[in-house]
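What follows is calculated from the coordinates using simple rules that are stated; it is not laboratory data. Note that the structure is predicted; figures quoted are calculated from it, not measured. Neighbour counts run over all protein chains shown; Cβ positions are idealised from the backbone, glycine included.
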Amino acid sequence: MSNVVSDGFVKALNNYRAKVHHWAAPLDEQQFWTNPFAYGNSFGHLVLHLSGNLKFYMGTVLLDTGYIRDRNLEFTDPNPPTKAEALAMFDEAVDIAIQAVNAQSAEQWQMSYEATGMPEGMNRFDAVMQCTAHIFHHVGQMIYLQKHWAQHS
């Protein structure tokens, strides 16, 4: 069963990675970093946010990578990286998440998971499921942003 769970998460993570790249591709540098609405975030800041989320919740907590997250900076960095650099950071974060998923044994999936920002009483399966669903949630926002820019370019 452990392989079925791991394989499913790896497939989902790679699928969401491809979707982020697909929806980012038509955006120029300015569109990537500009939020055209009075609410929400830019596509680029969502990429930074997802990268930080995966690197912390799956890297630091499950793999002990030592990554220190600055969640606020993910949305407010006055000097963000380039679009290409941000997407490379996201790819690195997905690779870390996949490494964390593949490192789990059947027994480890059931182990308690504790981290600031996560609900109490979670196990590792719950935490990885939440991180994966979190990407799916923000991909929806990214699609909306890309479609806006396609109509207003």
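Lysines near K11 by alpha-carbon distance under 19 Å, same-chain residues fewer than 8 away left out - which ones? Output for K11: K19, K55.
For the chain, the longest stretch holding no GluC sites (Glu not before Pro) located in a DSSP loop with at most 14 other Cβ atoms within 10 Å is which? Spell out each step's value before the answer.
Details: sites that count: E114, E120.
Longest gap between qualifying sites, sites excluded: 1-113.
Computed on segment 2-151, with alpha-carbon pairs under 8 angstrom and 6+ residues apart, the relative contact order is 33 percent. In terms of Cα to Cα distance under 15 Å, which aspartates and glutamates are near enough to K83, apart from those fewer than 8 places away along the same chain? Cross-link targets: D28, E29, E74, D91, E92.
Compared with the dominant Cα axis of the chain, that is its longest principal axis, helix 43-54 is turned about 10°. On the beta carbon distance between D126 and T34, with R0 = 41 Å, the FRET formula returns roughly 0.70. A simple spin-label model places the labels of T82 and E114 4.4 nm from each other, with each point 7 Å out along Cα-to-Cβ. What angle, in degrees between 0 and 90 and rounded to the nearest 10, separates the Cα long axis of helix 83-102 from the longest principal axis of the Cα atoms of the chain? So the helix axis and the longest Cα principal axis differ by about 10 degrees. Close amide H partners of Y67, meaning residues 5 or more places away or on another chain with modelled amide H under 5 Å apart, are T60.
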